[in-house]
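Worksheet: one structure, shown below.
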Amino acid sequence: MDMADRYRLMRLSRRFEETVHEQFEAGLVPGPLHLSIGQEAVAVGACCELRVTDAVVSTHRGHHHCLAKGAAPDRLMAELLGRRSGYSHGRGGSMHIAVPEIGLIGTNGIVGGGLPIATGAAFGIQTMGRDDVAVCFFGEGAAGNGVLAEALNVAALWDLPLVFVAENNQYVELTPVAVHLAGEICRRGDAYGIPGVRVDGNDVDTVATAADEAIARARSGGGPTLIEAVTYRWFGHYAGDKAGYRDDEEVAQWRERDPLVRARGSLDPAVADSLDSDIEREIGAALAFALESDVSGTEVLAIDHYAAA
Ligand SMILES: Cc1ncc(C[n+]2csc(CCOP(=O)(O)OP(=O)(O)O)c2C)c(N)n1
């Protein structure tokens with residue numbers, strides 16, 4: 001994926017979430033919403049060289065992961081707006097999105113819940129003799145959970161094709177990471193012999209370079225890697241959280257390090273403008289698709305529970 005494609009995906013993610021946020025404020029998003037605005041370079045950098053058959057396991061803050069793995073903005077938008085045409089028929093919303101046909105195993109409302117799922121996905125890939133990989137996103141809050149140690153242990157023991165991507169946006173709900181976490185996230189794999197690296201999570205190229213190396217290692221049987229991508233969420237923990245626990249100055253400093261502005265800087269401005277216009281059309285169409293779709297009702301509850309014998 002070249003720089004224009006990476007920028008396009010980041011811009012798509014940003015405009016998607018800004019648009020969903022507006023819908024949330026208008027009362028049209030039935031569930032909770034966690035925005036990843038400011039963190040787009042992590043998802044795009046980690047996913048830009050993945051194949052459709054590779055697996056991605058996401059978190060409660062996962063729209064950027066879904067889009068980077070190839071989810072269609074219209075069906076994703078429809079899901080968040082509780083519409084029958086959404087990926088989970090409008091039943092799940094933001095934290096229950098799964099698109100198996102593109103390897104998106106799921107977003108997940110349980111902090112750390114994706115770690116054992118991704119470990120299982122990587123084990124499945126290995127058992128089937130495929131050369132695919134699994135990428136597991138998790139937040140720095142999940143890095144304090146015991147399940148990370150279990151996942152790292154099994155991944156190292158069995159040389160699983162797994163890339164752990166810790167998205168360190170520096171706040172665990174309302175708590176700064178310094179109050180929550182001892183040690184360094186990127187060193188969490190040392191005891192298991194898992195290589196770890198900390199990267200600038202606001203620079204898509206830097207994330208992509210680290211991810212590509214980790215993915216290549218995993219594909220060739222070299223086992224897991226742990227990447228810590230340091231970034232920042234521009235908005236509160238959830239849509240509606242005014243984030244009064246942060247300094248305005250701190251937020252302003254991070255906004256100056258906008259990953260989109262940095263990526264745009266390496267493009268011809270005319271190319272970037274044209275990509276921006278394409279995305280406005282795509283987002284407009286996605287929103288129209290969602291708003292024109294039927295609102296989900298109880299009739300969708302039983303879909304997909306049983307398979308034909
Ligand atoms: C097992 C569990 N404990 C607590 C929560 C409540 N909770 C939701 S998000 C969150 C913070 C997660 O922080 P982090 O993993 O750093 O992700 P971020 O929100 O920063 O993206 C918490 C504690 C939860 N959903 N699951």
Share of accessible surface on carbon and sulfur in the chain, whole %, 1.4 Å probe and ligands ignored, is 54
Taking the chain and counting helices only, DSSP H stretches of n ≥ 4 at -39,500 (n - 2.57) each over all residues, the nearest-500 ellipticity at 222 nm comes to -13000 deg cm²/dmol
Taking alpha-carbon centroids only, region 212-244 lies from region 1-62 a number of Å equal to 12
Computed about the Cα centre, the charge dipole of region 1-131 from +1 Lys/Arg and -1 Asp/Glu charges at the Cβ has a magnitude in debye, to the nearest 20, of 200
Region 175-309: spread of alpha-carbon positions along the three principal axes, whole Å, largest first, is 52, 50, 38
Ordering 24-35, 95-106, 75-86 by per-residue average of other C-beta atoms within 10 angstrom, highest first, gives 75-86, 95-106, 24-35
Between the modelled labels at Val295 and Thr175 (7 Å from Cα along Cα→Cβ) the distance in nm is 3.8
Residue-ordered couplings for region 167-178, obtained by feeding phi - 60° into the Karplus form 6.51 cos²θ - 1.76 cosθ + 1.60 and rounding to whole Hz (Gly and Pro as x), are 9, 8, 9, 6, 9, 9, 6, 9, 10, x, 4, 4
With the convex hull built on the alpha-carbon atoms of region 1-124, volume per residue in Å³ sits at 94
For Ser220 the rounded accessible area (nearest 10 Å², probe 1.4 Å, non-protein molecules ignored) is 100
With +1 at each Lys and Arg Cβ and -1 at each Asp and Glu Cβ, the charge dipole magnitude of region 181-292 around its Cα centre, to the nearest 20 debye, comes out at 560
Ordering 36-42, 118-124 by per-residue average of other C-beta atoms within 10 angstrom, highest first, gives 36-42, 118-124
Computed about the Cα centre, the charge dipole of the chain from +1 Lys/Arg and -1 Asp/Glu charges at the Cβ has a magnitude in debye, to the nearest 20, of 560
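The values are calculated or read from the model by the stated rules, or taken from the named source; none is laboratory data. Because the structure is predicted, anything quoted here is derived from the model rather than measured. Cβ: placed from backbone, ideal geometry, glycine included. Neighbour counts: every protein chain shown. Ligands, DNA and RNA are excluded from the accessible area calculation, which covers all protein heavy atoms including side chains. Shrake-Rupley method; radii C 1.70, N 1.55, O 1.52, S 1.80 Å.
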